[in-house]
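The values are calculated or read from the model by the stated rules, or taken from the named source; none is laboratory data. Source: prediction; values computed, not measured. Cβ atoms come from the backbone with ideal geometry, glycine included; neighbour counts cover every protein chain shown. Note: accessible area is taken over every heavy atom of the protein model, side chains too, but ligands, DNA and RNA are not part of it. Shrake-Rupley method; radii C 1.70, N 1.55, O 1.52, S 1.80 Å.
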Amino acid sequence: MKYYQMNEAKIEEYVKHLGIFTNDADLTIKEVGDGNLNLVFIVKEKETNQSVVVKQALPYVRVVGESWPLSIQRSTFEANALEIQSKIVPDLVPKLYHRNDDLAIIIMEDLSHLGLMRYGMINLEKHPKFADHISTFLADTLFYTSDLYMDPEEKKKMVAKFINTELCKITEDLIFTDPYYDAESNNINPKLRPYLEEVFWKKNQLRLETAKLKYKFLTEAQSLIHGDLHTGSIFANSEETKVFDPEFAFVGPSAFDVGKIIGNFLINYVSWNGKDNAKEEISDYRSYLLNTINDFYNQFVEKFKANWHRDAKDMITKVEGYQNHYMDKMFTDTLGFAAAVMIRRIHGLAHNKDVDSIEDLDRRKDVQIQILELAEEIMMNRHSIHRIEEVTDLVKEKIW
Ligand code: SR1
Ligand code: MG
């Protein structure tokens, strides 16, 4: 089938042809995509309120336009990843109803009864079950797709199936390269530019540490990772958590997914310095954020180790001291990736609304510098930090 771009009328024809809705169903179809890359439609039958989401990859980067072509194959990676995740953590990802790789279409469960976590966090919403849910998502997906558990031949086939060159290149450039010099792709608050030119872009030690992390990202085929696990890739409310949008999935360093969560939480944490909410409200929310980081990381380690004790296969997993070595490295890398993610969202191409919603550019700049400095401290000290509480204590000490 030849690719064509969907619009409301074509979607209606497509979903009715598939039998997802009957021919006489009265549908409302709304394009709701607010991500950087794709079209996303919610299709709802008026009478029954039954609904699905139809996602289509465009042959270019949506936020930039046709001048930045991007292969529609990312839809295949997303559907492949979703199929694997659905087997491992069925309750934590959307249900996949249909895929068409030629049209780069995925039809899945409509989760709009939940809110996008990023927007919730900008509105001081708490998600009390998030630490439990996301630690399960990470411990299970990262363990059961690693060589600790998988047959080595199957694992290598999985690596081959997820050679996601183009989307990995986006991460290699936008996270590990461009923020460290005056790259054209950067999106810079003009008030921040003097700090970048006079201070940040002169930090050679920071650049060296980021280079080490980029090399890990390029070479360490540890687990099938989501690849873009920020708070805009998660739907949540007080009861449920669903991780979606795994189009950046590939077999890479496990700690990348874990670090992305921590980095995005810390961006939100600092962002309150640029907002006018009452002090007590901010302190209360900040306590919640730090407690969630501690709980989620500690539960992640516990659950990952429990998976290891129950299901680890390879001989190396029985060698005394190997698990400690593995988990220590996971922690150090998690902190490094968290820091890299914080930095990229300040003056790289794609920002976080948590900070960009601070309208006054001078105030926004102050928050941006605080995030860059916090990230640098975490990055540079990651080898001598051994417990997540040391990180959250450091954050609290610097910014409250
Ligand atoms: C051009 S894509 C920019 C960013 O959006 C996605 O969410 C990824 O984080 C990517 O780096
Ligand atoms: Mg995305």
Starting from region 25-87, pick out the GluC sites (Glu not before Pro) whose DSSP state is loop and whose Cβ has at most 15 other Cβ atoms within 10 Å. GLU47
The rounded separation in angstrom of the Cα centers of region 223-299 and region 1-48 is 31 Å
Simple spin-label estimate for ALA160 and LYS318 in nanometres, 7 Å along Cα-Cβ: 3.0 nm
Treating only the Cβ atoms of Lys and Arg (+1) and Asp and Glu (-1) as charged, compute the dipole magnitude of region 47-127 about its Cα centre; round to the nearest 20 debye. 240 debye
Return the lysines within reach of LYS161: Cα separation strictly under 18 angstrom, same-chain partners fewer than 8 residues apart disregarded; answer none if there are no such residues. LYS87, LYS169
Would you please name the trypsin sites (Lys or Arg not before Pro) within region 1-95 that are DSSP coil residues with at most 12 other C-beta atoms within 10 Å of their C-beta? LYS2, LYS46
Sorted by accessible surface (1.4 Å probe, heavy atoms of the protein chains only), largest first, VAL64, VAL53, VAL159 come out as VAL64, VAL159, VAL53
Choice from SER357, SER233, SER146 showing the highest fluctuation, given a GNM over the chain with Cα pairs closer than 10 Å: SER357
Restricting attention to region 276-350, which chymotrypsin sites (Phe, Trp or Tyr not before Pro) occupy a DSSP loop and are surrounded by at most 11 other Cβ atoms within 10 Å? none
Can you pull the one-decimal nm distance between simple spin-label points at THR48 and ILE188, each 7 Å off the Cα toward Cβ? 5.5 nm
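Pop out the carbon and sulfur fraction of the accessible area of the chain as a percent, whole number, probe 1.4 Å. Kindly include the intermediate steps, with their values, before the conclusion.
On the way: 8540 of 17310 Å².
Ligands and nucleic acids excluded, carbon and sulfur reach 49 percent.
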What are the lysines whose alpha-carbon lies under 17 Å from the alpha-carbon of LYS203, with same-chain residues fewer than 8 places away excluded? LYS212, LYS214
Between GLU359 and HIS17, take the C-beta separation as r, use R0 = 45 Å, and let me know the FRET efficiency to the nearest 0.05. 0.45
Suppose all protein chains stay in the model; what accessible area per residue would a 1.4 Å probe give for the chain, in Å²? 43 Å²
Given the options ASP328, ASP24, ASP102, state which has the largest fluctuation in a GNM of the chain using a 10 Å cut-off (strictly under) for Cα springs. ASP24
